[in-house]
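What follows is a set of notes on a single structure, which appears directly below.
Please treat every number below as a calculation from the coordinates, not as lab data. Quantities reported herein were computed from a predicted structural model and do not represent experimental measurements. In this analysis, Cβ positions are derived from the backbone assuming ideal geometry, glycine residues included, and neighbour counts consider all displayed protein chains.
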Amino acid sequence: MPVSKKVAGSNRVRESWGPALKESGLDVVSFGTWQDALQTQADCILLDMREPQGKENLQQLKSKQDSVILSVVKDDVDRRQLEEMKNGGASGYLSENTPAEEVAVRLNAMMEEGRSAAVDPKNMRAAQRVWFQQEVEFKVFDRSYKAW
């Protein structure tokens with residue numbers, strides 16, 4: 001039986017990366033508010049930290065959800081902001097200009113590692129933190145790239 005790999009993102013995130021994520025085999029759903037995100041029962045939530053209430057949304061989601069939460073950030077995010085997101089419960093982050101194909105490869109690899117680690121969400125998050133430090137190779141239009 002195939003394992004569901006559900007990713008939830010705001011409408012803005014879904015519009016940017018949704019087609020590539022679906023093409024890679026991920027089940028992509030969208031949400032409007034953090035309360036809606038809770039209802040998706042997604043394995044991974046892409047939380048848009050570019051929104052004014054991003055930090056509060058992260059805190060609310062983390063207090064009520066075991067899903068992995070990745071923050072979508074602006075390219076000019078600084079180390080202090082990243083530390084605040086990490087302390088607020090984010091498992092990692094993606095820059096808003098990350099190519100959709102790279103996001104798809106990273107999320108698929110992250111979920112596969114999490115699934116093989118165990119079903120326990122604590123083990124899955126640990127596998128994902130390690131994964132973010134590994135190099136990933138992906139292809140776009142028959143050209144090979146490497147990313148971290």
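Search the stretch 55-80 for residues that are in a loop (DSSP other than H, G, I, E, B) and pair each with any residue that is surrounded by 12 or more Cβ atoms within 10 Å (Cβ to Cβ) and β-branched (Val, Ile, Thr) when their beta-carbon atoms are under 8 Å apart and the residues are at least 6 apart or on different chains.
Going by the 8 Å Cβ cut-off, the qualifying pairs are 65/45; 67/45.
Within the stretch 2-54, work out how many residues are in a loop (DSSP other than H, G, I, E, B) and in contact (Cβ under 8 Å) with a residue 60 or more places away in the chain.
6
Does the stretch 56-88 hold any residues that are of a type in the set (Lys, Arg) and closer than 21 Å to residue 6 by Cα, and which are they?
62, 64
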